[in-house]
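Q: Structure provided below as structure tokens; questions to follow.
What follows draws every value from the coordinates through simple rules; no lab data is involved. Fair warning: this is a prediction, and the values are worked out from it, not measured in the lab. Neighbour counts run over all protein chains shown; Cβ positions are idealised from the backbone, glycine included.
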Amino acid sequence: MLASLIPLFDKNMMTCAYSIFAQKQDLLKTPYAAGSGRFDGAGYIPGLEIVDSSGIDTLSGSKEVFIAVNEISIFTDIDAQSKAPHDKLVLLMDPEVKPDEMHVKRLIELKNKHYKLAIRDIPIDKFEDYRVILKLMDYIFLDHKKIKIQVARVYFQTQFPNLKLVAVNVDSQEDYDKLTEGGGYSLYEGEFFRLPKTTGDRELAPLKMNYLSLLNLVNAPDFDLTKAADIIQNDAALVVSLLEIVNHMAMNSEITSVRHAAAMLGQKELKKWINTAVTKELCADRPSEVTRISMLRAKFAENLAETYGIGGLSQELFLTGMFSVLDLMLDKPMKEALSMVNISKAIDEALLEKKGELGEVLTFIEEYEKASWQEVSRLMILGDIEMNDVYRAYLDSLSWYRDLMAVTIKH
């Protein structure tokens, strides 16, 4: 199986929810699954495994997660497939869920159990045909390129006042800015977040310069633990995080200083912790999605190292994934951002030109997180990669991120 999280943003560029795009079969290897086989195992809703693996709080901050269901799976025992609170799950369907008595009755049952409902891909000329279903929906996904929002807003406010509108296929920051300015939509989904404006004309805040100094220090060969500790002690958030990690590893030890804590952690573990902790701090003034993308890409890339037959490059892959949004962290063009950190030529080429083995893995990850399943399938065939290995690597990265965020929330 393959599955990916697609973020949905509000008008303030805050991540409010995720849609989970999932595919049970590799369609290039099993093309029958796109036809007569598409309902094999239809009683299983794959997105729910992602919810339980990651935790609903980690995914969306106790907000909602959209889960795709079809005209068969909505009749299954959904309660038994997930422990998530019903009101945090939005069951997302398409026009195959017909406005007939059988489907409408089931939708009412699900509403009575406090599930939320959403629908997508309804043609404009079919809105009235689906009136009985639209009255039950909490959200409708609309392709903003095919609809005039000024007209649609009046129509939906008049006919379905409780229905929230979600703009999809928002491909650019300019489109997002225009749509949010015009109003009418509650949520936005599309490529716009992955195409940031990076002007390069902002000076970095002193704390960020401090973080970059620390990154450059620990990513140099055989770095000095004492120098790293001296930089860490200038930032309270890093000190608290370091002490928490060390206390967890050595519960009965009395830490006398930041240098002492760094020495106890050791060079290898300190480097790994710094790369993670500092990246979180660099993302602190960015939308929360930047942190999630950076961390998930880092761990997913590391997990794919063995799958790609380059296990010895796992740490380089971790940094490649982590720094793949460095332009967003620093609000600068990627080339300029990379010039500020001490990374290998291989990582630099992977991030700027998608070259080499590291670039190959990064390209795969970017296609995966967009749920471009046909391209993902093509790349898996070319790399002789098994779908289940990829899925397990992704699930593990979600679990790792969940645990990482749990520590952050705790402190």
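Q: Might you report the magnitude of the Cβ-based charge dipole of segment 206-410 about its Cα centre, with Lys and Arg at +1 and Asp and Glu at -1, to the nearest 20 debye?
A: Using Cβ point charges on Lys, Arg, Asp and Glu, segment 206-410 gives about 400 debye.
Q: Please state the relative contact order of segment 206-410 as a whole percent: Cα pairs under 8 Å, 6+ residues apart?
A: Reported as a whole number, the value is 18 percent.
Q: So what is the relative contact order of the chain, in percent, for Cα pairs below 8 Å that sit 6 or more residues apart?
A: Over the chain, the number comes to 15 percent.
Q: Want the number for residue 87 to residue 224: 0.36 nm per residue separation, take away the alpha-carbon distance, what's left?
A: On the way: separation 137, 0.36 × 137 = 49.32 nm, distance 5.09 nm.
Stretched out fully, the residue 87 to residue 224 stretch lengthens by 44.2 nm.
Q: Using a simple spin-label model with points 7 Å from Cα along the Cα→Cβ vector, what separation in nm is obtained for residue 131 and residue 114?
A: For residue 131 paired with residue 114, the spin-label model returns 3.2 nm.
Q: Looking at the calculated P(r) for segment 2-194, what percent of the C-alpha pair distances fall above 30 Å?
A: The answer is 19 percent, as a whole percent.
Q: Moving to a separate point now. For the residue pair residue 335 and residue 44, what label-to-label distance in nm results when each label sits 7 Å from Cα along the Cα-to-beta-carbon direction?
A: 4.8 nm
Q: Work out which helices of the chain, taken as complete DSSP H runs, extend at least 30 Å along their axis over the Cα atoms and score a mean Kyte-Doolittle of -0.5 or more, then list them.
A: 387-410
Q: If you don't mind, another one. In the structure displayed, which of 280/335; 208/271; 268/354 lie more than 23 Å apart, Cα to Cα?
A: Numbers: 280/335 21 Å; 208/271 18 Å; 268/354 27 Å.
Checking Cα-Cα distances, 268/354 exceed 23 Å.
Q: Once label points are set 7 Å from the Cα along Cα→Cβ at both residue 138 and residue 13, what is their separation, rounded to one decimal in nm?
A: 2.7 nm
Q: Show log10 I(q)/I(0) for segment 295-398 at q = 0.10, 0.17, 0.22 Å⁻¹, two decimals, from a solvent-free Debye sum over equal Cα scatterers.
A: Evaluating at q = 0.10, 0.17, 0.22 Å⁻¹ gives log10 I(q)/I(0) of -0.25, -0.73, -1.17.
Q: Of the options 293, 186, 8, report the single residue whose Cα projects farthest towards the positive end of the charge dipole of the chain (beta-carbon charges: Lys, Arg +1; Asp, Glu -1).
A: 186
Q: A further question on this structure: Put +1 on the Cβ of every Lys and Arg and -1 on every Asp and Glu Cβ in segment 206-410; which of 385, 214, 312 then has its Cα farthest towards the positive end of the dipole?
A: Toward the positive end, the furthest listed residue is 214.
Q: Kirkwood hydrodynamic radius (Cα pairs, Å) of the chain?
A: With all distinct Cα pairs of the chain included, I get 23.1 Å.
Q: Another one. What would the Debye formula give as log10 I(q)/I(0) at q = 0.12, 0.24 Å⁻¹ for the alpha-carbon point model of segment 112-164, no solvent?
A: Normalising to I(0) and taking log10 leaves -0.25, -1.01.
Q: Further question: As a footprinting exposure proxy, order 322, 334 by other Cβ within 10 Å, with the fewest listed first. Write out the running numbers ahead of the final one.
A: Numbers: 322 26, 334 19.
By the 10 Å Cβ count, ascending: 334, 322.
Q: If you count, for each residue, the other Cβ atoms within 10 Å and average over each peptide, how do 268-278, 213-223, 143-153 line up from highest to lowest?
A: Numbers: 268-278: 18.8, 213-223: 16.1, 143-153: 14.5.
Per-residue Cβ counts within 10 Å, averaged per peptide and sorted highest first, yield 268-278, 213-223, 143-153.
Q: Exposure proxy check: 45, 343, 124 ranked by fewest other beta carbons within 10 Å?
A: With the sparsest Cβ surroundings first, the list reads 124, 343, 45.
Q: Setting aside same-chain residues fewer than 8 positions from residue 113, which lysines have a Cα under 28 Å from its Cα?
A: Hits, sequence-local ones excluded: 24, 63, 83, 88, 98, 105, 126, 135, 164.
Q: Which value in deg cm²/dmol, rounded to the nearest 500, describes the helix-derived mean residue ellipticity at 222 nm for the chain, given -39,500 (n - 2.57) per DSSP H run of n ≥ 4 and division by the residue count? Could the numbers behind the result be given before it?
A: On the way: 19 runs with 202 residues, N = 411.
Calculated mean residue ellipticity at 222 nm is -14500 deg cm²/dmol.
Q: With only Lys, Arg, Asp and Glu charged, each at its Cβ (+1 for the first two, -1 for the last two), find how big the charge dipole of the chain is about the Cα centre; round to the nearest 20 debye. Don't jump to the answer; show the numbers that get you there.
A: On the way: 47 positive and 61 negative charges, 160 e Å.
The calculation lands at about 760 debye.
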